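Undergrad: Okay, here's the structure, questions in a sec.
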Amino acid sequence: MILPNDFDAYCFDLDGTIYLGDKLLPGVKETIQIIRKTGKKVLFITNSPTLTREEGKMRLQQLGIAAELEEILTAPYLAGLYFSVFEPDATVFIIGEEAIRTELRNFSIQTTVDPMKATHVLAGMDRSFTYNDLQFAMDAVRNCRNFIITNPDSSCPVPGGFIPDTLSLAKAIEVASGQKISKVIGKPDTFYSDQMVGLLDVDRQKILVIGDRLDTDVQLGKAQGFATCLVLTGISSEADVESTGIRPDYVIENMTNLFCSIDEDAMVEGRDGGLVGSCQPDPLNEELLG
């Protein structure tokens, strides 16, 4: 299984990996403490379209996880960055919640509430989405033909189940407008992974991505040469590993199992100055991945 010194950077998804609702998931705090003690890099990478980077930092802090702003990537932040780099003169019609508007303002991207004045439509999960919103979105997409979405997630894990995410809403807009999605910004898109690599500045093979979704977290890692770990506390299940053909390098039941049964107090300093310990194979990995 994994020892803390096996990787130079650990990238964690948030919903369904670090927390569920307002509760920290098992083993998260202890695992991050071990990574910090080894001097390895930590990056929090979420496709959530309802979190700014500031809000992501505050939410982690409220759950007892310290993080710097530069250690957090969210879909709205990446959307603002994308427009500032590739479409700085765009006028964007937004379907989504306040986090998207905030991050686009932070990058000085012009927005409009008039669907006929938009050059681009940006859609993200919107928990107050109405029939009238669908009409406006349809008009805007048919007018500008540049239909971008913050993330490709169809659902989001919450306590007790799941709620519709961006892709569910975006598919309704696609059908109504007759226009296909032209760009996806969130994981597993290369724009997202490029920002990760730029922030981490380590060898790609020394990056481990840990997340609860095969089609976003694991797929991003496999496409970019990162190691991948599926945690079974969110969307994807053991059965999905077999049915999708997307095979992570590691599968764990929850974050308690990331470093096997390492006793933090029993760890000792290794030859390279990092902390090392003993590790026993995880039966779940042997069963699923062979």
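Undergrad: Applying the selection to segment 163-202, what residues are in contact with a strand residue (DSSP E or B) (Cβ under 9 Å, 6 or more places away or on another chain), among the charged types (D, E, K, R) and outside any strand (DSSP E or B)?
TA: Result: ASP165, GLU174, LYS180, LYS187, ASP189, ASP201.
Undergrad: If only one of VAL121, VAL85 is out of contact with any strand residue (DSSP E or B) (no Cβ under 6 Å at 6 or more places or on another chain), at pLDDT 95 or above and of a type in the set (A, V, I, L, M), which one is it?
TA: So the residue among VAL121, VAL85 that is out of contact with any strand residue (DSSP E or B) (no Cβ under 6 Å at 6 or more places or on another chain), at pLDDT 95 or above and of a type in the set (A, V, I, L, M) is VAL85.
Residue-by-condition table, conditions (1) in contact (Cβ under 8 Å) with a residue 24 or more places away in the chain; (2) of a type outside the set (Phe, Trp, Tyr); (3) surrounded by fewer than 19 Cβ atoms within 10 Å (Cβ to Cβ):
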{"residue": "LEU78", "(1), (2), (3)": "yes, yes, no"}
{"residue": "TYR82", "(1), (2), (3)": "yes, no, no"}
{"residue": "VAL85", "(1), (2), (3)": "no, yes, yes"}
{"residue": "ILE94", "(1), (2), (3)": "yes, yes, no"}
{"residue": "VAL113", "(1), (2), (3)": "no, yes, yes"}
{"residue": "VAL121", "(1), (2), (3)": "yes, yes, no"}
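Undergrad: Something else about it: Do we find that LEU220 is of a type in the set (A, V, I, L, M, F, W, C), under 17 Å from ASN47 (Cβ atoms) and without any contact (Cβ under 8 Å) to a residue 60 or more places away in the chain in this structure?
TA: Yes, satisfied.
Undergrad: Let me ask you something else. As an exercise: evaluate LYS222 against (1) surrounded by 19 or more Cβ atoms within 10 Å (Cβ to Cβ); (2) modelled with pLDDT of 95 or more; (3) closer than 22 Å to ASN151 by Cα and give the number of the one condition it does not meet.
TA: Condition not satisfied by LYS222: (1).
Undergrad: A further question on this structure: What single numbered condition from (1) in a strand (DSSP E or B); (2) more than 20 Å from TYR19 (Cβ to Cβ); (3) not charged (D, E, K, R) fails to hold for ALA223?
TA: For ALA223, the failing item is (1).
Undergrad: Tell me, please, whether a residue that is closer than 20 Å to GLU103 by Cα, assigned by TED's automatic domain parsing to the domain that holds LEU104, touching a Pro at 6+ places or on another chain (Cβ under 9 Å) and surrounded by 18 or more Cβ atoms within 10 Å (Cβ to Cβ) can be found in segment 156-166.
TA: yes
The values are calculated or read from the model by the stated rules, or taken from the named source; none is laboratory data. Worth saying up front: this structure is predicted, and the values here are computed from it rather than measured. So basically every Cβ, Gly included, is an ideal-geometry build from the backbone, and we count neighbours across all protein chains shown.
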